[in-house]
Amino acid sequence: MNLNLEKPLVFFDLETTGISVGKDRIVEISMLKVMPNGEEVALTMRINPGIPIPEKSSEIHGIYDDDVKNEPTFEAVSHKILNFFEDADIAGYNSNKFDLPLLVEEFLRCGMKFDIRNRVFVDVQTIFHRMEPRTLSAAYKLYCNKELVNAHSAEADTRATYEVLKSQLDRYQNTPYEDPKTGKVTYPIQNDIKLLSNFSQESRNVDFAGHIVFNDKDQEVFNFGKYKGQPVEQVFRQEPQYYDWMMKAEFPLYTKEVISLIRNRMF
């Protein structure tokens, strides 16, 4: 279905140095302007962020420091970007929460204003999530074609979860899955609990709260705060008082048990 537009609509996406709107920078911006008559105009630019691109970010979007070292800064192309967005509404994927706020930050750093008045913003991700709810009731309807009666009662939810997993096996077994980060294709939905566990984990937690996780080298690293990504042992050796602070702070008891085991292992 063609879009019914009264004014141009710019779809855009950013690749960045990280996910902090306040401190991270743009390394690539791609814009697609769709005109009311259906005409399309595209523009993609690499940008020198002026700060190092963390390796983890580069592994995701494939853009490294050497790729942008001779590219213009955001300030140098800010007028060109601003003109592209002129008099247009805006659309993106997760754009309202991340891409748009970060773009506005970049303009403000240049002393420029990105006028958001008299524009409308379409976030395709929000539409997706609202039309395809990520609730157990929605999953039960999708996979089992049943209405979940007494939703949010422990017994009903437990039984529904069991039935959903069995239906997922029926639907997805032997279905290929491409890892968005590596491009590797696997067949993770198998009738094997270990494989299902590996596939369903967002991260490899050491503690249940996810404050300590395993990195790619199977080292326990912090997953929060100023030492995020750094090995726990290394931090405790360099700053022993950090352990004391954690033990006195309001961390879960199991997290404290985990860091105590790590610390005791060091000595």
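In table form, for the structure just shown:
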item: For the chain, built as a Gaussian network whose Cα springs stay under 10 Å, the top-fluctuating residue of Thr16, Thr126, Thr135; result: Thr135
item: Added length on full extension, which subtracts the Cα-Cα distance from 0.36 nm per residue, Asn215 to Phe267; result: 16.5 nm
item: Viscosity 0.890 mPa s, temperature 25 °C, Stokes-Einstein D of the chain from Kirkwood C-alpha radius, µm²/s; result: 108
item: Sorted by Cβ density within 10 Å, fewest first, the residues Glu59, Glu40, Glu28; result: Glu40, Glu59, Glu28
item: Net lengthening on full extension, Gln201/Asn118 (0.36 nm per residue, minus Cα-Cα); result: 25.6 nm
item: Taking the stretch 203-258 and dividing mean pair separation by its residue count, relative contact order in percent (alpha carbons under 8 Å, at least six apart); result: 27
item: Average silhouette area of the stretch 9-128, convex hull of alpha-carbon atoms, in square nanometres; result: 7.7
item: R0 of 25 Å, Cβ-Cβ distance Met131-Asn96: FRET efficiency to nearest 0.05; result: 0.95
item: Under 13 Å from the Arg109 label point (7 Å along Cα→beta-carbon), backbone N, the stretch 37-60; result: 47-54
item: Computed magnitude of the charge dipole of the stretch 212-266 (debye, nearest 20; Cβ of K, R +1, Cβ of D, E -1); result: 100
item: Theoretical FRET efficiency, 1/(1+(r/R0)^6), r = Cβ-Cβ of Val185 and Lys56, R0 22 Å, to 0.05; result: 0.50
item: Stokes-Einstein D in µm²/s, Kirkwood radius over Cα pairs - the stretch 212-266 at 4 °C with 1.567 mPa s viscosity; result: 115
item: Relative contact order of the chain, pairs being alpha-carbon contacts under 8 Å that are 6 or more residues apart, as %; result: 10
item: Max mean-square fluctuation residue, GNM over the chain, Cα-Cα springs under 10 Å, options Gly183, Gly50, Gly225; result: Gly225
item: Full-stretch length increase - Lys141, Lys228 - with 0.36 nm per residue and alpha-carbon distance subtracted; result: 27.4 nm
item: Charge-dipole axis of the chain as Lys and Arg at +1 and Asp and Glu at -1 on Cβ define it, positive-most pick from Ser78, Val68, Cys144; result: Cys144
item: FRET efficiency for Leu82 and Glu40, using Cβ-Cβ distance with R0 set to 25 Å, rounded to 0.05; result: 0.80
item: Candidates Ser95, Ser30, Ser200: whichever shows maximal mean-square fluctuation once the chain is modelled as a Gaussian network with Cα springs under 10 Å; result: Ser200
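Here, each number is a calculation from the coordinates, and none is a lab measurement. Quantities reported herein were computed from a predicted structural model and do not represent experimental measurements. Methodologically, a virtual Cβ is constructed for each residue, glycine included, from the backbone with ideal geometry; neighbour enumeration extends over all protein chains shown.
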